[in-house]
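A short write-up of the structure that comes next.
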Amino acid sequence: MRRLFQRSLIVSLGICLLGGGTIFFHYWEGWAWVDAWLFTVVTVSTVGYGNLVPATTVGKLVASGMIIAGIGVFALLGNEVAERLVHRRETGVGGNGPSSEHSAQGNTEAITESGES
């Protein structure tokens, strides 16, 4: 239940950041919706093409805050993905974990022992 809450929180933060940024730049800077969306995605992901730049001081401050928040959201997302991969590896889900490797070794030993006897 806690992991579901964490995932929901990360997705919600991402949606709020992208949606809020797009709406803000559309109205505050007077950009077209697609330009506001592009700038928000590029800024949050810290790519920064430089083709769109806020003209107002408030716009620049909001963009700076979005960069910091974007790094945080991407860090949370990366942590979630890493935890899932580690969990899969530790539990052997998908046949790549230590437990499946151990089982394969166990089967080989059993065949070798029966072949020698």
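Every read-out reported here was derived from the displayed coordinates using simple, explicitly stated rules and does not represent laboratory data. Bear in mind the structure is a predicted one, so any value in this text is a computation, not a measurement. Glycine also receives a Cβ, built like all others from the backbone with ideal geometry; neighbour counts cover every protein chain displayed.
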Cβ-Cβ FRET estimate between residue 6 and residue 42, R0 fixed at 35 Å, reported to 0.05: 0.85
Rounded FRET efficiency, nearest 0.05, which uses the C-beta distance separating residue 89 from residue 68 and R0 of 41 Å: 0.80
